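The values are calculated or read from the model by the stated rules, or taken from the named source; none is laboratory data. These numbers were taken from a predicted model, which means no experiment stands behind them. All Cβ positions, even for glycine, are placed from backbone atoms using ideal geometry, and neighbour counts span all protein chains on display.
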Amino acid sequence: MAQTPFLLSARSIVKSFGPTQVLRGFDLSIARGEVHAFLGGNGAGKSTLIKIISGQHERDGGTLEFDGEALGATVAAHVEAGAIAVVNQELALLPHLSVAENIAMPRLRRATQKYSERAAQALAVDALSLIDPHFARESASRLVGDLTLHERQLVEIARSLGSGARLLLLDEPTANLTAAETARLFAVIRRLIAETGLAVLFVSHRMREIRQIADVCTIIRDGKTAVDRVALDAITDREIVECMGQSVESDGQTGAAAKTIRTRAATGASAGGAQRDEITFAQADLRVTLRPGSILGLAGAPTGPSALINALTGLAAESAWDVERDGAPLRFANPGAAARGGVGFISGDRANKGILETLPIVDNLMAAQRVVERRSVARRAEVEQGARLLEALNMRVGSQWDLPSTLSGGTQQKLLVARWLTLKPKLLVLEEPTRGVDIRTKREIYALIREMAAQGCAVVWWSTEYVELVELCDTVLAFDLDGRPTGVLTHADVNETNLANATGMAA
Ligand SMILES: Nc1ncnc2c1ncn2[C@@H]1O[C@H](COP(=O)(O)OP(=O)(O)O)[C@@H](O)[C@H]1O
Ligand SMILES: [Mg+2]
């Protein structure tokens, strides 16, 4: 058989979602038996490409070749047969079924075999044995809902791998794993490669771990290939970070203009005497004081920033952080109490942490105000206030009685910001507030938050996009992969390279 040089070649791949052009002629080549790190900033299009290679999305243009064969509609056949196996960023197992049932159901259905518990067990143990014989015996009859995330991932890998597996696509498999779990996953990957010779495409933002497991890397930026199959020995962390940086100019604004509007925050790590409305949070020997009007960035893997955000917004009963306002302990029993105490919260996880999908826009706009004022619904006044807000924020909506699902993701996100505008919180906590938002809406959100800061609101902003932190924050608190604070970067030290070093994350 004539061997093509690559197991998989993707050429000039183009893909848009509505007006958003995600892939603009992207190339990727994967060789047999290699671990290939696929790198790029958040929203760069990595998951989209993985879904195209695994037949979950249709491409708008470009060619795919797998093992010498041009792939058109046949992608799905290779995925069905397990030659191309994929574990998506969002895991897809059914928690109320057993491991055996999750693995066996699709296969038995394919084989049009009658379902029996015994057949399911046998199939599952077979599939799992390929990746971990001990785990196979021990886990087959357990409920997926009772497994750790790491164990669920092993089940997903086993479920998607066929006996002739050639390519395994892993989309951010370690994002929420501990260091020990990551080491175990890597051991599984190495054994799989040794035993089957399959190739692995692996998405991760963690530099150390990328260097531990991968041979080569490809970097996506602005929908194109910025770095094509470069050996990890031949590229420095700094170069990787620089190549990943999404261009701030892509919306027509110049980098220089962006710099001039950068807020100079009055935040600092200090033992500082109590001032009015000063918020201090401390842990071990670290003490950060947040003054009104300042924007403090949080950087790093989710664990560290989430713990601090939960402590500030009443989402955690216990916390390693001691939070004080003007020297008095500040601890809220729940997010409602935090809102009444002058703390606002906006998450980029709109679907789970913000948008009330079954209520009209007006209720979404007024949700925080109702919690704060503990009052009943005053329809006429609210609709009038809502109309003023929508106009001031340049939000185009049909009617305030429409459901939020009629709005674009970016407009929904502005709605979450709008909720807090009239309440003038003393502290606004933002958790990746621009996730999945187009660049123009991002700029609008930056402007709104800067305006709130200018009026004296203190802001804590967690972002996984370093460009965003560099542009908005004069001070950034960085966390390592285990959630420990690694230090405070200030002024000119807030740049993408230092953030990558302080967090162990490339972006
Ligand atoms: N199903 C979808 N519908 C609309 N937009 C999408 C969809 N999937 C992804 N996007 C958008 O495409 C862009 C790339 O997303 P994604 O591939 O998930 O990036 P990455 O995995 O690199 O973080 C983002 O702007 C995202 O909002
Ligand atoms: Mg992704």
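Scanning the stretch 62-88 for residues that are in contact with a strand residue (DSSP E or B) (Cβ under 8 Å, 6 or more places away or on another chain) and within 16 Å of ligand 1 (Cβ to nearest atom) yields Gly62, Val86, Val87. Candidates in the stretch 131-190 are the residues that are away from ligand 1 (no atom under 16 Å from the Cβ) and of a type in the set (Asp, Glu); of these, the one that is nearest to Ala307 (Cα to Cα) is Glu181. In the set (1) under 20 Å from the mean Cα position of the chain (by Cα); (2) outside any loop (DSSP other than H, G, I, E, B); (3) farther than 21 Å from Gly314 by Cα, Ala447 fails one condition alone, (1).
Kindly establish whether Asn352 is under 16 Å from Ile309 (Cβ atoms) and either outside any loop (DSSP other than H, G, I, E, B) or in contact with a Phe, Trp or Tyr (Cβ under 8 Å, 6 or more places away or on another chain) (or both). Spelling it out, Asn352 is indeed under 16 Å from Ile309 (Cβ atoms) and either outside any loop (DSSP other than H, G, I, E, B) or in contact with a Phe, Trp or Tyr (Cβ under 8 Å, 6 or more places away or on another chain) (or both).
With respect to the conditions (1) outside any strand (DSSP E or B); (2) β-branched (Val, Ile, Thr); (3) touching a Leu at 6+ places or on another chain (Cβ under 6 Å), Val86 falls short on a single one, namely (1).
Right, Val86: within 13 Å of ligand 2 (Cβ to nearest atom) and over 24 Å from Ile240 (Cα atoms) or not? It is true that Val86 is within 13 Å of ligand 2 (Cβ to nearest atom) and over 24 Å from Ile240 (Cα atoms). Only a single item in (1) among the hydrophobic types (A, V, I, L, M, F, W, C); (2) outside any helix (DSSP H, G or I); (3) buried (at least 22 other Cβ atoms within 10 Å of the Cβ); (4) not assigned by TED's automatic domain parsing to the domain that holds Asp277 is not met by Leu415, and it is number (2). Only one residue in Arg370, Arg388 is surrounded by 14 or more Cβ atoms within 10 Å (Cβ to Cβ), without any contact (Cβ under 8 Å) to a residue 12 or more places away in the chain and assigned to a helix (DSSP H, G or I), so which one is that? None of the other options fit; the residue is Arg370. If you filter the stretch 162-180 down to residues that are surrounded by fewer than 17 Cβ atoms within 10 Å (Cβ to Cβ) and of a type outside the set (Gly, Ala, Ser), you find that the one that is farthest from the chain's Cα centre (by Cα) is Thr178.
If we scan the stretch 443-462, do we find a residue that is within 16 Å of ligand 2 (Cβ to nearest atom) and either surrounded by fewer than 23 Cβ atoms within 10 Å (Cβ to Cβ) or at positive phi (or both)? Scanning the stretch 443-462, I find no residue that is within 16 Å of ligand 2 (Cβ to nearest atom) and either surrounded by fewer than 23 Cβ atoms within 10 Å (Cβ to Cβ) or at positive phi (or both), so the answer is no. Filtering the stretch 207-221 down to residues that are farther than 21 Å from Ser9 by Cβ and buried (at least 16 other Cβ atoms within 10 Å of the Cβ), which residue is modelled with the highest pLDDT? The residue in question is Ile213. A Cβ distance below 8 Å, combined with a sequence gap of six or more or placement on separate chains, defines the contacts here; from the stretch 57-81, residues that are at pLDDT below 90 reach residues that are surrounded by fewer than 13 Cβ atoms within 10 Å (Cβ to Cβ) in the pairs Gly68/Met1; Gly68/Ala2; Gly68/Gln3; Glu80/Arg110; Ala81/Gly164. Residue pairs whose Cβ atoms lie under 8 Å apart, separated by 6 or more positions or on different chains, with the first residue in the stretch 127-151 and without any contact (Cβ under 8 Å) to a residue 12 or more places away in the chain and the second not in a loop (DSSP other than H, G, I, E, B), are Ser129/Ala136.
Screening Gly72 on (1) part of a loop (DSSP other than H, G, I, E, B); (2) surrounded by 22 or more Cβ atoms within 10 Å (Cβ to Cβ) shows it passes everything except condition (2).
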